[in-house]
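First the structure, in the form of structure tokens, and then the observations on it.
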Amino acid sequence: MMRAWILPMLLVLCGSALAAGRIVSGAPGAATAIVLAFALLAGVNSPLVFPKSIGVLEAQRRSAVDGRPVVFWRPGCQYCLRLRIRLGRKARQAHWVDIWRDPAAAAVVRAANDGDETVPTVVVAGEAHTNPDPAWVREQLGRSA
């Protein structure tokens, strides 16, 4: 779990260091802007942006019952973030699995991607789709509702 917070923590530390330099040089307005920008970047790259992750076995069980897609992701992945943002509120309908928190999920992703941990990998009806178009995922979510 700590691994998911490394990038956000580094962003906050770098932003704080840059802001401290601006304060020392007499530019508190610029320091405030830097802190806000880096805090925003840290938030976007943290697990907080994504719906609560569940384990791969629970996600597969739920998907079998309700037909909703299972989205395998990891914090810091720009393509996962793109998918999450483009899905908007519909993202909460999918079952999200963080491959850094669940080693079994990482194994599922590797099996679907020839040994690579390429995310986002979306599983619909037992078929894996690597980095699919967000519009297609939104359509799959609409079919399962």
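The values are calculated or read from the model by the stated rules, or taken from the named source; none is laboratory data. The shown structure was predicted, so the numbers you read here are calculated from the model rather than taken from an experiment. Cβ placement follows ideal geometry from the backbone for every residue including glycine, while neighbour counts extend to all protein chains displayed.
Tabulated results
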{"read-out": "Of all residues in segment 95-107 being out of contact with any Gly (no Cβ under 9 Å at 6 or more places or on another chain) and assigned to a helix (DSSP H, G or I), the one that is farthest from PRO47 (Cα to Cα)", "value": "ALA107"}
{"read-out": "Residue within segment 34-47 that is of a type in the set (Ser, Thr, Tyr) and exposed (fewer than 15 other Cβ atoms within 10 Å of the Cβ) present", "value": "no"}
{"read-out": "Only one of SER25, SER63 that is crowded, with 19+ Cβ neighbours inside 10 Å and out of contact with any helix residue (DSSP H, G or I) (no Cβ under 6 Å at 6 or more places or on another chain)", "value": "SER63"}
{"read-out": "Hits in segment 97-131 - residues which are in contact with a helix residue (DSSP H, G or I) (Cβ under 8 Å, 6 or more places away or on another chain) and not β-branched (Val, Ile, Thr)", "value": "ASP98, TRP100, ARG101, ASP102, ALA104, ALA105, ASP116, GLU117, PRO120, ALA128, HIS129, ASN131"}
{"read-out": "Pick from segment 113-145, criterion among the hydrophobic types (A, V, I, L, M, F, W, C) and part of a helix (DSSP H, G or I), ranking: nearest to ARG74 (Cα to Cα)", "value": "VAL137"}
{"read-out": "ARG110 vs. criteria at pLDDT 90 or above, among the charged types (D, E, K, R), surrounded by 14 or more Cβ atoms within 10 Å (Cβ to Cβ) and in a helix (DSSP H, G or I)", "value": "yes"}
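Let's see how each residue does on (1) touching a residue at least 24 places away in the same chain (Cβ under 8 Å); (2) within 13 Å of the chain's Cα centre (by Cα); (3) assigned by TED's automatic domain parsing to the domain that holds CYS14:
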position: ALA59; (1), (2), (3): yes, no, no
position: PHE72; (1), (2), (3): yes, yes, no
position: ARG84; (1), (2), (3): yes, yes, no
position: ASP102; (1), (2), (3): yes, no, no
position: ALA112; (1), (2), (3): no, no, no
position: THR121; (1), (2), (3): yes, yes, no
position: ASN131; (1), (2), (3): yes, yes, no
